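Data first, discussion second: the structure below is written as structure tokens.
The values are calculated or read from the model by the stated rules, or taken from the named source; none is laboratory data. None of the values given here were measured: they were computed from a predicted structure. Positions of Cβ are generated from backbone atoms using ideal geometry, with glycine treated the same way; all protein chains shown enter the neighbour counts. All accessible areas refer to the heavy atoms of the entire protein, side chains included, with ligands and DNA or RNA removed. Shrake-Rupley method; radii C 1.70, N 1.55, O 1.52, S 1.80 Å.
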Amino acid sequence: LDVAVISRAVDPATASAIWNRIRAGQRNVMVRSIYSPDARGAFDQVASRVKTDPDLAQTVSRYLSDFERIIKDADARDSSGRLAHTHLISDTGRVYLFLAHAAGRIS
């Protein structure tokens with residue numbers, strides 16, 4: 001996996017808008033077209049590999065769980081949601097968004 005390509009797949013403004021919609025309870029906000037053109041191929045590759053490579057699927061699942069714990073902790077420490085939002089639009093948060101979408105964890 002090329003984490004640099006993945007972290008740039010979604011720009012911070014788009015990630016922010018998507019996270020706001022997801023956190024508001026909207027569904028089906030994840031579409032392939034949110035990714036930069038060069039990242040769409042990476043998305044297709046990762047989505048395919050997660051289904052066929054158990055080691056990758058386990059690594060992705062662990063990353064997603066760890067990030068979700070970070071967001072839960074941030075929400076607990078800061079009820080305004082600003083800290084969680086900062087995490088969500090960071091490089092790490094954008095990688096989470098990409099991998100969670102590729103793994104079918106969010107839609």
Would you be able to say whether some residue in the stretch 57-64 is open to solvent by 60 Å² or more (accessible area, probe 1.4 Å) and within 11 Å of the chain's Cα centre (by Cα)? yes
Count of residues meeting criterion [closer than 18 Å to residue 2 by Cα and open to solvent by 50 Å² or more (accessible area, probe 1.4 Å)] in the stretch 22-51: 9
Just give me the residues in the stretch 66-106 being within 20 Å of residue 18 (Cβ to Cβ), small (Gly, Ala, Ser) and either assigned to a helix (DSSP H, G or I) or under 11 Å from the mean Cα position of the chain (by Cα) (or both), in sequence order. 74, 84, 90, 93, 100, 102, 103, 104
Test for residue 18: is it in contact with a Phe, Trp or Tyr (Cβ under 6 Å, 6 or more places away or on another chain) and open to solvent by less than 20 Å² (accessible area, probe 1.4 Å): no
What pairs come up if the first residue lies in the stretch 85-101 and is free of Cβ contacts under 8 Å to residues at least 24 places away in the same chain, the second is open to solvent by 10 Å² or more (accessible area, probe 1.4 Å) and assigned to a helix (DSSP H, G or I), and their beta carbons are under 7 Å apart, counting only those six or more places apart or on different chains? 87/70; 87/71
Pairs, please: C-beta under 7 Å, at least 6 apart or cross-chain, first residue farther than 12 Å from residue 98 by Cα and in the stretch 29-58, second among the basic types (Lys, Arg)? 29/21; 56/49
Taking the stated definitions as given, is residue 92 among the polar types (S, T, N, Q) and at pLDDT below 95? yes
All positions within the stretch 78-104 that are open to solvent by 60 Å² or more (accessible area, probe 1.4 Å), out of contact with any helix residue (DSSP H, G or I) (no Cβ under 6 Å at 6 or more places or on another chain) and charged (D, E, K, R): 82
